[in-house]
Amino acid sequence: MSYTRRQFLAASTFSSISLLGVPAFASLTDDAISALTGGAGAVEGGISITAPEIAENGNTVPVEIDAPGAVAITLFADGNPTPSVATFKFGALSASRTASTRIRLSTTQNVVAVAEMEDGSFQMAKANVKVTIGGCGG
Amino acid sequence: MASGVKPRVKVPKTAEAGEAITIKTLISHKMESGQRKDGDGKLIPRSIINRFTAEFNGENVIDVALEPAISTNPYFQFDAIVPESGEFTFTWYDDDGDIYNATKKISVA
């Protein structure tokens, strides 16, 4: 794949922003995840998260989570001022462990879903969303 | 913000016993995140719906805890099992203590 100069500049700007900006926020999410899992951590795989690759409007980004065998799913957005987004708990009459909603994303970032499974283990899935216009006002 | 809150719910009218149906819910609410500032640079206080539940004949289907990162006019789509004829009850809990309700009947053929 060959880059034009413009594409190269755009890509390098993005990557340098993510190098500078993400670790601080990512640790917030990591803290939240380890608080949720009791320090056990979560394994990737088993569940899936569907989000657009590019969201033009960060105010309303459609997200779908699918976690067969989960009792609860917690969504995090690791670039938001507060990473927690929502927690879904499934009851006895829930037909499938899927749910869709619309969320706010302040900037380009990862959306992370952590599912608590029936056996007490945790699984996670990540989706990177590029946000054109951020959704946190300010 | 108790004014202008209107829940909308889409549930099929009939279903087979034990069938999985898809439910869509939407409620008009501005979901003020507590991050935005007004014209004078002061923070606008948080005012969101913090919990949403769906029940069928008193049995829980889904229970969602909402944070400020949920969009304006919170939308949810999920699947439920319908064992018999009955009524779905949807409840939204506002930060200011208000509770909004919607019910939908479904009959099993």
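What follows draws every value from the coordinates through simple rules; no lab data is involved. Note that the coordinates shown come from a computational prediction; the quantities given were computed from them, not determined experimentally. Note that each Cβ is placed from the backbone with ideal geometry, even for glycine, and that neighbours are counted across all protein chains shown.
With N residues in the protein assembly as shown, what two-decimal value do you get for its Cα radius of gyration over 2.2 N^0.38 Å?
Numbers: Rg = 19.3 Å, N = 247, 2.2 N^0.38 = 17.9 Å.
Dividing the Cα radius of gyration by 2.2 N^0.38 Å gives 1.08.
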Among the listed pairs B:LYS6/B:LYS105; A:LYS89/B:LYS30; B:LYS24/B:LYS105; B:LYS30/B:LYS105; A:LYS130/B:LYS37, those beyond 22 Å (Cα-Cα) | A:LYS89/B:LYS30; B:LYS30/B:LYS105; A:LYS130/B:LYS37
In what sequence do A:GLU64, B:GLU16, A:GLU116 fall when counting other Cβ within 10 Å, fewest first?
-> B:GLU16, A:GLU64, A:GLU116
Candidates B:PHE88, B:PHE76, B:PHE52: whichever shows maximal mean-square fluctuation once chain B is modelled as a Gaussian network with Cα springs under 10 Å = B:PHE76
Simple spin-label estimate for B:GLU16/A:ASN57, 7 Å along Cα→Cβ, in nm, reads 3.9 nm
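For A:ILE54, B:ILE48, B:ILE106, A:ILE103, what's the fewest-to-most ordering of other Cβ within 10 Å of each Cβ? Walk me through the intermediate numbers first.
On the way: A:ILE54 10, B:ILE48 23, B:ILE106 20, A:ILE103 27.
If I rank by nearby Cβ atoms, fewest first, I get A:ILE54, B:ILE106, B:ILE48, A:ILE103.
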The FRET efficiency for A:ILE133 and B:GLU87, from their Cβ-Cβ distance with R0 = 35 Å and rounded to 0.05, is 0.25
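For B:ARG51 and A:ALA35, FRET efficiency with R0 = 22 Å and r from the beta-carbon atoms, rounded to 0.05? Could you put the intermediate results ahead of the total?
On the way: r = 20 Å, r/R0 = 0.90.
Taking R0 as 22 Å, the efficiency between A:ALA35 and B:ARG51 is 0.65.
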Ranking of A:LEU93, B:LEU66, A:LEU105 by count of other Cβ atoms within 10 Å, fewest first = A:LEU93, B:LEU66, A:LEU105
